[in-house]
Amino acid sequence: MFRAHIAIVIYALFVLFFAALTLFITKRFASESPGDPAGLLPEEAAPAEGEGRDLRSTRPYLLVLLIVFVGVESTFLILWARLYRTWFDGHLAFAFSSMFVFAGLVFLGHIWIHKKGALHWE
Amino acid sequence: MLDSLLFYCFAGVAVLGAVLTISRRNPMHAAFFLTTTLLATGGIFLELRAGVLFRTQIILYAGGVTALFVSVLLLVRSGDAVRQVRFGVKKQMATAVAVALGFELIVVLFLARRLPGGGLLVRGSAPVDQLPPNAVAMATSLFGDYLLPFEMTSVLLLVAMVGAVVMAKNRKRHERS
């Protein structure tokens, strides 16, 4: 019985470790109140009154957003791959076309983003 | 026994993480506690042998969406955001929403007693390790009955990609001017 649950037990230990680590880090390394600029990390602190601050590049935000899109695509791709073997008996064209339409459209988006230079890191 | 223990472990961490997510005033702390909640919820999916949901939870939510939250938090000035939103003056509205949600929960629990299983807690159900794999059933449904919505998802993703780039470009142009 325990052997069947070993993967879940390991994952549970990881989750507990992550929760404990998060509690420790949030207690130890940063201020709870954002209104207290003394305890904030440099990137969290608001500028003083009348003092300007360089606005950040949106490049990391765009890259993370693209990672989310790739995650969505991979989820559908995994489901498609699970069913792919059963489609060999006569529905191969349908199997390919259903995913190629999806992947093709998304791929067009990636090409457009690449041409716009959104993936070029400065 | 071990199933129950693992479930209560994951559920406890998820609830604790959720409470800390909404009670922390520092948004970066809240993002980390949200990750904890998402990971714990993924554990419940894993325990139910829902492999697709588990993978989606880890790749999309605990990975991508949390990274997106953190990058947005780094992008905006948290001090400004907290100064702009004052929850103290909206206590009455929050209380009204909480009462409405509580009432809804009571109604759902009351109506659930009339279900064939005898309520939300179904006794005598099959052990999860004897359940059939759900990935193939889900894929059959997705590429069968829901093929058109699936294909339309690609258009939605395309529009979202283009929109994200256009908004980021506009912001950058605005920053330069």
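Here are a few things to note about the model shown:
- Residues of the range A:71-94 classified as modelled with pLDDT under 85, buried (at least 16 other Cβ atoms within 10 Å of the Cβ) and either facing another protein chain (nearest Cβ under 8 Å) or not in a helix (DSSP H, G or I) (or both), total: 2
- Contact map, the range B:1-16: first residue touching a residue at least 60 places away in the same chain (Cβ under 8 Å), second residue surrounded by 19 or more Cβ atoms within 10 Å (Cβ to Cβ), Cβ cut-off under 8 Å, separation 6 or more or different chains; pairs are B:D3/B:E47.
- Subset of the range B:25-45 [at the interface with chain A (Cβ under 7 Å from one of its Cβ atoms) and surrounded by fewer than 22 Cβ atoms within 10 Å (Cβ to Cβ)]: B:R25, B:M28
- Qualifying helices (runs of 4 or more DSSP H) (wholly inside the range B:64-155; at least 3 residues being modelled with pLDDT of 80 or more): B:66-75, B:91-112, B:134-142
The values are calculated or read from the model by the stated rules, or taken from the named source; none is laboratory data. These numbers were taken from a predicted model, which means no experiment stands behind them. Please note: Cβ atoms are built from the backbone with ideal geometry, for glycine as well, and neighbour counts cover all protein chains shown.
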